[in-house]
Every structure is written in structure tokens, then in C-alpha cells.
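Okay, structure first, notes after.
The values are calculated or read from the model by the stated rules, or taken from the named source; none is laboratory data. Just so we're clear, the structure is a prediction, and the values are computed from it rather than from any experiment. So basically every Cβ, Gly included, is an ideal-geometry build from the backbone, and we count neighbours across all protein chains shown.
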């Protein structure tokens, strides 16, 4: 097996918008691998849509090559079964944990006049009436992020 050398990527995230919903855990559990304990509040869990622009994305050791992109994440919150901390996880046949560090982010609350995200209702994650009732809507202008690779494989 070929080992991937350690490296890291740095970027500035701009115009970060979170739309968070508190929904029954039973609705979300089928989408989350059983190995990951969900972060419950009573019998409910948060799901969030996170929308942002990544600026100046680059390898730390290769500062001259940079690019920008827009991204939308749909996430729920889980605990790392090994450390009990929250983490970002990907699934490519094996569960992985990415280590991410970031600067202090100063969000402010905002209101959204209209929300249209059909994937959330057609997938069954949210009911039609829920899409217009997020629990909170923080918006942050920017934050500096540092992502460490390769991700750690998690034991199943």
C-alpha cells in the first residue's frame, strides 16, 4: 500500500451562510453510517446547509498555485467515535476524519426572505413547511481555514 505524504491546504472562506434545522433523528439516521454517533438534542438532530466562497485555496508548500470556488454543504453533526469530538467526515468506501483548524469566525444573525432548496424536501430530510423555518441563520463575512491531509481512516 502506497502511503500518502502529509500535506495541508489553506484557504479563506467568505460569505459563509448557515441554515440550520432541528429535525427528528429518525429522519436523518438512515443517511449516517452506524459507526458515527449522532449529536442529539432530545430525540432531534441538527441538519445544516452551509454555503460559502473559498478564496485563495492553495497547498501550504506551494503558495503560487491558487484557485477559488463556491461550495454548498449539507451536513448533520456527529461525534468521532474515537475522540468524542465533532469532525468532518467523508465516505469513499471507508470512513475518514479530516482535521481542520480555523480562525475565530464572527457570525451575525440574519433573516432570509425566501428559501428554495428542493433537495431537502424531495429527499425527505425536511417537510415542506419546515424549509421556511430554520432554527438559526448565522452569516459570517470570512474565516481562514487550514485542512490537514491525508484524512485519518476510522475503525469500523
Worksheet item: Within segment 95-151, which residues are closer than 20 Å to residue 7 by Cα and more than 17 Å from the chain's Cα centre (by Cα)?
Response: 150
Worksheet item: Regarding residue 45, is this residue part of a strand (DSSP E or B), at pLDDT 90 or above, under 26 Å from residue 76 (Cβ atoms) and over 16 Å from the mean Cα position of the chain (by Cα)?
Response: no
Worksheet, complete the sentence: Taking segment 21-31 and the residues there that are crowded, with 17+ Cβ neighbours inside 10 Å and not in a helix (DSSP H, G or I), the one that is nearest to the chain's Cα centre (by Cα) would be 21
Fill in: Close pairs (6 angstrom Cβ cut-off, 6 or more residues apart or separate chains): free of Cβ contacts under 8 Å to residues at least 60 places away in the same chain in segment 119-148, loosely packed, with under 12 Cβ neighbours inside 10 Å anywhere
121/128
Worksheet item: Say we look at segment 40-78 and pick out the residues that are more than 27 Å from residue 141 (Cα to Cα) and touching a strand residue (DSSP E or B) at 6+ places or on another chain (Cβ under 8 Å); which of these is surrounded by the most Cβ atoms within 10 Å (Cβ to Cβ)?
Response: 44
Discussion item. I'd like the full set of residues that are in contact with a helix residue (DSSP H, G or I) (Cβ under 8 Å, 6 or more places away or on another chain) and under 13 Å from residue 20 (Cα atoms), limited to segment 103-138.
Written reply: 125, 126, 131
